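First the structure, in the form of structure tokens, and then the observations on it.
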């Protein structure tokens, strides 16, 4: 649905995006990650026809964003980071107006509007002035205008930024539901959000794509050590850590400070630890054998993949993904 080939975008002499290429297939939900100023918003603005590329080709649904800009916009629903709302309109009036300027017939708007308001859970606020809505409900209004014309592609730039935690969860659920029916490119700095919604991630840094893969595949490629979460019933902390660190494949062993007192009590008096070992060294097998030989009472042993946060930091603090 979205195809970008060798696209660059300059603002005067300053490059914002440099020779990027990627494709988003129909039905995919793609997480678009990168630090501030990396080029995420610029890329989204080019895809939506908001600004033309300096070089390269960008198509949406087979239409070029420059030569067939109006056709592209018919296929796209766009939620920018700052939603352009009319604060002195009611939610219903604003959405009706957005339908009209998109060329939707009055009959279509009338039939579509109640469904959209129900979908984004704005039923209790349909006659409320937009200016009186909370940040979260304004965001839902922005999502409503993005999907009003039933586009095939949704482009969402930081859809949960600045809203309270409860509404973050509700908005995330809404976006996940929308992803079942739309192709989606989702920019977010909330990495657990991307993990929960997206099956594939693009990472951009300094205007260049540095990774394009499934989160679990990136974890495998970047894994420089194997992290293991384990619990034992023995409470001789120093002795256990010392013995673990003496195993040749072990890089480090330490108490698991993430576990709260309640979590510790729920583990039947088990003591939680984290052990980092060399990759591809059969670490789980060797460590479990050592624990059993010392009668330490193994109650849990779980290998942990890299988190999306760790992947993100690894990629954006290096020039590019290694070969």
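Since every read-out is calculated from the coordinates, none of them should be taken as a lab result. A quick note: this is a predicted structure, and the numbers were derived from the prediction, not measured. Neighbour counts are summed over all protein chains in view; Cβ atoms, including those assigned to glycine, are modelled from backbone coordinates with ideal geometry.
Overview of values
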quantity	calculated
Approximate shape of the chain as ellipsoid semi-axes (Cα gyration tensor, √5λ), whole Å, largest first	46, 26, 15
Using alpha-carbon coordinates, inclination of helix 165-178 to the longest axis of the chain, degrees	70
Residue order, fewest to most surrounding Cβ atoms within 10 angstrom, among 44, 184	44, 184
The chain: angle of helix 283-293 to the longest principal axis, Cα-based, in degrees nearest 10	40
Helix 135-147 vs. the chain, principal-axis angle (Cα, 0 to 90°, nearest 10)	60
Overall form of region 224-304 per C-alpha gyration tensor (a/c, 1.5; a/b vs b/c)	prolate
Helix-only mean residue ellipticity at 222 nm for the chain, each DSSP H run of n ≥ 4 adding -39500 (n - 2.57), per residue, nearest 500	-10500 deg cm²/dmol
Length-normalised contact order for the chain - Cα pairs under 8 Å, 6+ apart - percent	19
Listed peptides 285-295, 32-42 by packing density, highest first (mean Cβ within 10 Å)	32-42, 285-295
